[in-house]
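The values are calculated or read from the model by the stated rules, or taken from the named source; none is laboratory data. Computed from a predicted structure; not experimentally measured. Note: ideal-geometry Cβ built from the backbone for every residue, glycine included; neighbour counts use all protein chains shown. Note: accessible area is taken over every heavy atom of the protein model, side chains too, but ligands, DNA and RNA are not part of it. Shrake-Rupley method; radii C 1.70, N 1.55, O 1.52, S 1.80 Å.
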Amino acid sequence: MKLKTFFEKFDQFADAPNAVAKMRELVLQLAVQGKLLDQNPSDETADKLLAQIRKTKDRLISDKAIKKQDTDPITNDQAPFVVPPSWAWTRLGEVGDWGSGSTPPRGNHELYGGNIPWLKSGELNDNQSLSGSEESVTELALKTGSFRRNIPGDVLLAMYGATIGKVAILAEPAVTNQAVCGCTPFKGVINRYLITYLISQRANFHSASEGGAQPNISKIKIVGFPFPLPPLAEQKRIVAKVDELMALCDRLDAQQQERATRHADLARASLARFAAAPTPANLHFLFHKSYTITPADLRKSILTLAVQGKLVPQDPNDEPANRLIDRILKLRQKFAQGQRAKVVKRLRILDSTSFDHNIPDLWTWCRLGELVLDFRYGTSRKCARNASGVPVLRIPNIQSGRIDSTDLKFTDMPPSEFNELRLQKGDVLLVRSNGSESLVGRSAVASVEDERFAYAGYLVRARIPQKEIFSPYLHLALSTPSVRNQIESPIRTTSGVKNINTTELSNLVLSLPPLAEQRRIVVKVDQLMALVDELETQIAASRATANNLLEALVAELTTP
């Protein structure tokens, strides 16, 4: 298959992750392997070119214009890949004069602010005509320090940290700090071809780097790095072809960005259409191939519509939500007497004009504390996977709305404590303490099967009156963006752990529909979320197919 065919098939794998970036990598890989163009038998071979380069190097060393840099020849088993017969393997130290710079003492102001650009590794960024710098140094700095004077046309290579492998071609004389190695290519080596190879080997430079917090690749390793040298005429043709194909990649990238912008506008319009009529048909419309809304955003939209009263129609015969809270207050008074606990009174909060959206007439604004009979922290006892004693739920057991009992720990616990901590159907368990902010406030609803469990101390149980509140709706409300914002805003960090207490949980503001509508909302949300899951699977499969096609085409092009 020809590379032209590969580009013509772009639409078939455009949905693959980083498709254009992978195309750029492929172009570079083919270029330095001699597979981008057919070889011309009339070209002078690289062996002859390499012999001329060695004569130039020896003469410069003899004239003391450059320092000697010894490198070992490359044996056949050291060559990273096969190159055409007209090419030759050598090392980077054989095709140019390499040297790094330094940093003048910061306390000496006479060394800075001169007219000599002083480059650092973060300024390279694969620029093929680099001029200007963030800082400059004086002639005094060059006389008193250890610098390599780089000239226009020199190739720069970053050696430190996250910038390892970044390159540039100088457009003006400059010096660098110690994190940059400069190279003056010898006659017969085109700097644009050299930089093409260096970019193609960036991952290998990273692999060869050493060090801890600030990894680096040394000059010794750089000059010893293998280098595939093509005939001079082919170097020129390779550079021209790479420019042509990279320009094509630029156009494809721009087209994708333009399409993404248009599709974002279409997606917003589609989401507004779904918000006005949240039906399965409109949900499928949101997953149009051309402008799919991300499943995560769509899930948030579904939850937001649910708690705004826009997901299912209201029934005027439903009992108003206010009456539910009045009854819960009476239930809480009885519960508190039996538990010798403090009664949480009805909390009068701001009227609906204080919120960013209105709710239906039969709904009410309330706080979580008004809906909960009792908050209870879990046990602090040490637990183990010994399969004996009381099974204790931990944070990994709290999944999205449900309890996963596949990985349990156990502890010895007296019956009195177990009776206090034992779950009941409809209880809501919340994560109150964790290293990850996104997990704090995560909730799950207990089922009948979960009534055999106690729970650990970094969880808190909210006991819900089942005849007034449908616990799955409460979990749904706690998962909405508006309530998540309230959960995350008061979170405190203690010794690296994020925390929220029951007082803060009690003050969470949420919208409450009539009980019958709570149930209808949960059914509708489950239906729509199942469709989102199904469509997300289809999208993932489509992208995987595109990625597999891309990998297959790349393999076909790169296999000898």
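Data for the structure
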item	result
List Ile217, Ile190, ordered by accessible area with a 1.4 Å probe, largest first	Ile190, Ile217
Cα-Cα over 23 Å, subset of Lys221/Lys241; Lys467/Lys524; Lys334/Lys409; Lys382/Lys498	Lys221/Lys241; Lys334/Lys409
Sites Asn115 and Asp407, calculated FRET efficiency, Cβ-Cβ separation with R0 45 Å, nearest 0.05	0.10
Pairwise FRET efficiency - Lys310 versus Ser207, Cβ, R0 = 45 Å, nearest 0.05	0.25
Within-12-Å neighbourhood charge of Thr294 [Cβ basis; K, R +1; D, E -1]	0
Alpha-carbon centroid distance for the pair the range 115-153 / the range 406-465, whole angstrom	62 Å
Given charges at Cβ of Lys, Arg, Asp, Glu: the range 88-238 dipole, positive-most of Leu232, Pro152, Gly99	Leu232
Label zone at Lys467, where the point sits 7 Å out along the Cα-to-Cβ direction: the range 295-334 residues whose backbone N lies under 13 Å	324, 327-332
Spin-label pair Asp38/Ala247, simplified geometry with 7 Å Cα→Cβ offset, distance in nm	2.3 nm
Test item: Cα-centred dipole of the range 120-228, Lys/Arg +1 and Asp/Glu -1 on Cβ, debye	340 debye
Residues of the range 120-202: accessible area per residue with a 1.4 Å probe, Å²	37 Å²
FRET efficiency estimate (nearest 0.05) - Cβ-Cβ, Asn548 to Asp70, R0 51 angstrom	0.65
Cβ-based charge dipole, the range 38-84, positive-most Cα from Ile53, Asn40, Phe81	Ile53
Environment charge of Arg202, counting only residues whose C-beta is closer than 13 Å and scoring Lys/Arg +1, Asp/Glu -1	0
Surrounding net charge for Arg492, when Lys and Arg each add one and Asp and Glu each subtract one, Cβ distance under 14 Å	-1
Estimated distance in nm for a label pair at Arg327 and Glu437, the labels positioned 7 Å out from Cα along Cα-to-Cβ	4.0 nm
